[in-house]
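The values are calculated or read from the model by the stated rules, or taken from the named source; none is laboratory data. What you see is a predicted model, and the numbers here were worked out from it, not measured in a lab. In this analysis, Cβ positions are derived from the backbone assuming ideal geometry, glycine residues included, and neighbour counts consider all displayed protein chains. These area figures cover heavy atoms from the full protein model, side chains too; ligands, DNA and RNA do not enter into them. Shrake-Rupley method; radii C 1.70, N 1.55, O 1.52, S 1.80 Å.
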Amino acid sequence: MKAWQCIGCGRLESSQPCVGICEDRPVELVYAWQLVALLRQLAWSKPREGEWERSFRDLQARARKLLAA
């Protein structure tokens, strides 16, 4: 989902009243439910001895795929 977020007050779209110092900039948002599987794997997996880097790279690839979708 793409939205506009104010760098002054943090307002997204028009859901928060402007406090007069707003400047809109584009931001990209990801729903939390889309990341649950990735976070669950990160939280509950333990790489084998000496395999942490490979596991980290695999998680990075999955995260990039989710963000690109």
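Results, tabulated for the structure shown:
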| quantity | calculated |
| --- | --- |
| The stretch 28-46, residues that are closer than 30 Å to C6 by Cβ and surrounded by 10 or more Cβ atoms within 10 Å (Cβ to Cβ) | L29, V30, Q34, L35, V36, L38, L39 |
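Here's the yes/no breakdown for (1) hydroxyl-bearing (S, T, Y); (2) open to solvent by 80 Å² or more (accessible area, probe 1.4 Å); (3) at pLDDT below 80; (4) in a helix (DSSP H, G or I):
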{"site": "W4", "(1), (2), (3), (4)": "no, yes, yes, no"}
{"site": "C9", "(1), (2), (3), (4)": "no, no, no, no"}
{"site": "S15", "(1), (2), (3), (4)": "yes, yes, yes, no"}
{"site": "V19", "(1), (2), (3), (4)": "no, yes, yes, no"}
{"site": "P26", "(1), (2), (3), (4)": "no, yes, no, no"}
{"site": "R48", "(1), (2), (3), (4)": "no, yes, no, no"}
{"site": "E53", "(1), (2), (3), (4)": "no, yes, no, yes"}
{"site": "R64", "(1), (2), (3), (4)": "no, yes, no, yes"}
